[in-house]
Each structure stands twice: as C-alpha cells, then as structure tokens.
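The values are calculated or read from the model by the stated rules, or taken from the named source; none is laboratory data. Here the structure is a predicted model, which is why all the values come from computation and not from measurement. Glycine also receives a Cβ, built like all others from the backbone with ideal geometry; neighbour counts cover every protein chain displayed.
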C-alpha cells in the first residue's frame, strides 16, 4: 500500500514528531532523548517507535527546560517554526513554570563581565543541573 505524503496518517513515530515539531534539531537527538527517558507520553516512558496521536500529552525535557504539550496535529513534513508550532499547544502550567525558572536564573547569577572559559562553562553547567 502506498501512502500519500500530503495526507497525515493516524499517527507518527514520537521521534519523528519531536523533530518535525522542532523540539530537537535532528531526528537522532530526538531518538536519543526518547530512549534516554526524557520524553513521556501520557505519563509513561516510551520507545522511539511509539506512535503519537492527536490529544496525547507529552512531557519533554530538553537541557534544563521542561515542556508539557498536547498534540494537536500530525505534521506531514518538517516545515517552518510557525507551522511546527501549530501541531501542539503548551499547557499554561508549563509556560508559567518555564517563565518562573527563567526569572529565577536571571536573578540567581549576575551576568559575567566576559565570556567564561572552559572551566567556567563546566562550573556553570554543573550549577544549573544541580
């Protein structure tokens, strides 16, 4: 059976959906995140081959950011950011938590006078990760 690229199917692999929705720059990064337990669907840890459906609730952890989104559409291609954003809706709690974390990070550490060197970057990264 041949599937037409212009019509979305019933579902899409979670790693491909994350890549198309622009949460990760490459599909391999998305696959590694799912396999590493950084992505949950409806509260469950999943495999990269899991099909995501419209209405699923995703918890995505990327670096220090955590997103909670509801799938609103299945993309047929990786398009521009506004098109990608139309395929999900971030929850109000998620946006508020990310904004509070961003404000706290801004207050917690004053901006350095110059760019940190290699050791300084490592120290900052370890401090952020806790």
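Scanning segment 39-56 for residues that are under 12 Å from the mean Cα position of the chain (by Cα) and surrounded by fewer than 18 Cβ atoms within 10 Å (Cβ to Cβ) turns up just one, 40.
Answer yes if at least one residue in segment 87-98 is more than 21 Å from residue 18 (Cα to Cα) and out of contact with any strand residue (DSSP E or B) (no Cβ under 8 Å at 6 or more places or on another chain), and no otherwise. Yes: segment 87-98 contains one or more residues that are more than 21 Å from residue 18 (Cα to Cα) and out of contact with any strand residue (DSSP E or B) (no Cβ under 8 Å at 6 or more places or on another chain). In the set (1) more than 20 Å from residue 27 (Cα to Cα); (2) at pLDDT below 90; (3) surrounded by 10 or more Cβ atoms within 10 Å (Cβ to Cβ), residue 64 fails one condition alone, (1). Of the numbered conditions (1) touching a strand residue (DSSP E or B) at 6+ places or on another chain (Cβ under 9 Å); (2) assigned to a loop (DSSP other than H, G, I, E, B); (3) surrounded by fewer than 18 Cβ atoms within 10 Å (Cβ to Cβ), residue 24 satisfies every one except a single condition; which is it? Only one criterion in (1) touching a strand residue (DSSP E or B) at 6+ places or on another chain (Cβ under 9 Å); (2) assigned to a loop (DSSP other than H, G, I, E, B); (3) surrounded by fewer than 18 Cβ atoms within 10 Å (Cβ to Cβ) is unmet by residue 24, namely (3). On inspection, residue 35 fails the criterion of being within 24 Å of residue 102 (Cα to Cα) and surrounded by 13 or more Cβ atoms within 10 Å (Cβ to Cβ).
Taking segment 27-130 and the helices (runs of 4 or more DSSP H) fully enclosed by it, the elements with 1 or more residues that are touching a residue at least 60 places away in the same chain (Cβ under 8 Å) and farther than 24 Å from residue 12 by Cα are at 118-129.
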